[in-house]
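Values quoted throughout were computed directly from the atomic coordinates according to the rules given, and no laboratory measurement underlies them. Since the structure is predicted, the reported quantities are computational estimates derived from the model, not experimental observations. Note that each Cβ is placed from the backbone with ideal geometry, even for glycine, and that neighbours are counted across all protein chains shown.
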């Protein structure tokens, strides 16, 4: 199978990285970090009060933010296992509009956590419907774009996508759902 | 039509950028820049003597090299015309393994020469066969990867791809060849 894996929220733990960073600056803004289980919107900026938007955005557009994200527990091991099973695994990730640090640090993150050879497996695009695959694992509730996607979308479970029905996994429990259906 | 356009050698004039940079350091190495018409290999490092490989690579991996590339004459105007004609145009580009400056500077180049909205049209991937399109305009003689590509390959004419038969264009003469065949 050709398996597309989203990066942030699936491999790299954006939520935990943001939570930690906001703990450091939250007191300055009189707003503690939202507990992860209370996140409701795909974009973290939409879950904080509007007057804090600039501060929220400044956290994840700062140099070093993406590079320092911890891996989602089990993600690195799952990538190795998928390759061992003979699947073609690609990272399919959408950069921020503020690409300056985000884009190169996504590459650095993959090199640091999955190894230099995995960097060759990266596809960076705003529109994931342009990318061919049997399945896309993504935490975004609705992945849309210019094309009818070739892949089926399997949700990576996060508090902010639980309203969406359909197949979902975590790296603690993924084999049956991800691999059962087989190729298109 | 969904039209994929390679970046370096098609939109950004890698050849001219390298030639200019090598003029500055060539005397130090006792080797003048190769005239553009005498380039024979897709990878410029393969056209210089082996003992100069490190110097050649140092030119295009240096900070600022990709950002400073001049546009290929007519490329910017052609992109605007393709959009005006109602086509969906995407930039489909493969980064260097040495991604540190190359990747973010490809984004900066597109923003500077084609505008911020065009940045959203970028797809950065080592394997272009994963990307859906009706046509791919690329100067690389053979564009291969894991999939049977959906697109047909139209060569962007360069001295180093003239051995390859098939459809080819320059931005001085592209409309009939690029648009005649229509969508898949």
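If I ask for residues that are in contact with a helix residue (DSSP H, G or I) (Cβ under 7 Å, 6 or more places away or on another chain) and part of a loop (DSSP other than H, G, I, E, B), which ones from region A:32-60 would you list?
A:32, A:33, A:34, A:39, A:40, A:41, A:42, A:48
If you take the residues in region A:119-141 that are more than 10 Å from every other protein chain (Cβ to nearest Cβ) and part of a loop (DSSP other than H, G, I, E, B), which one is nearest to the chain's Cα centre (by Cα)?
Here the residue is A:139.
Out of region A:80-103, which residues are out of contact with any strand residue (DSSP E or B) (no Cβ under 7 Å at 6 or more places or on another chain), in a loop (DSSP other than H, G, I, E, B) and within 10 Å of another protein chain (Cβ to nearest Cβ)?
Selection gives A:97 alone.
Residue by residue through region A:165-177, note down the ones that are out of contact with any helix residue (DSSP H, G or I) (no Cβ under 9 Å at 6 or more places or on another chain) and closer than 23 Å to residue A:74 by Cα. Break it down into steps so the answer makes sense when it comes.
Residues of region A:165-177 that are out of contact with any helix residue (DSSP H, G or I) (no Cβ under 9 Å at 6 or more places or on another chain), as a first pass: A:165-166, A:170, A:172-173, A:176-177.
Hits for region A:165-177 are A:166, A:170, A:172, A:173, A:176, A:177.
Conditions: (1) within 10 Å of chain A (Cβ to nearest Cβ); (2) farther than 30 Å from residue A:1 by Cβ; (3) buried (at least 20 other Cβ atoms within 10 Å of the Cβ). Residue B:116 meets all but one. Number of the miss?
(3)
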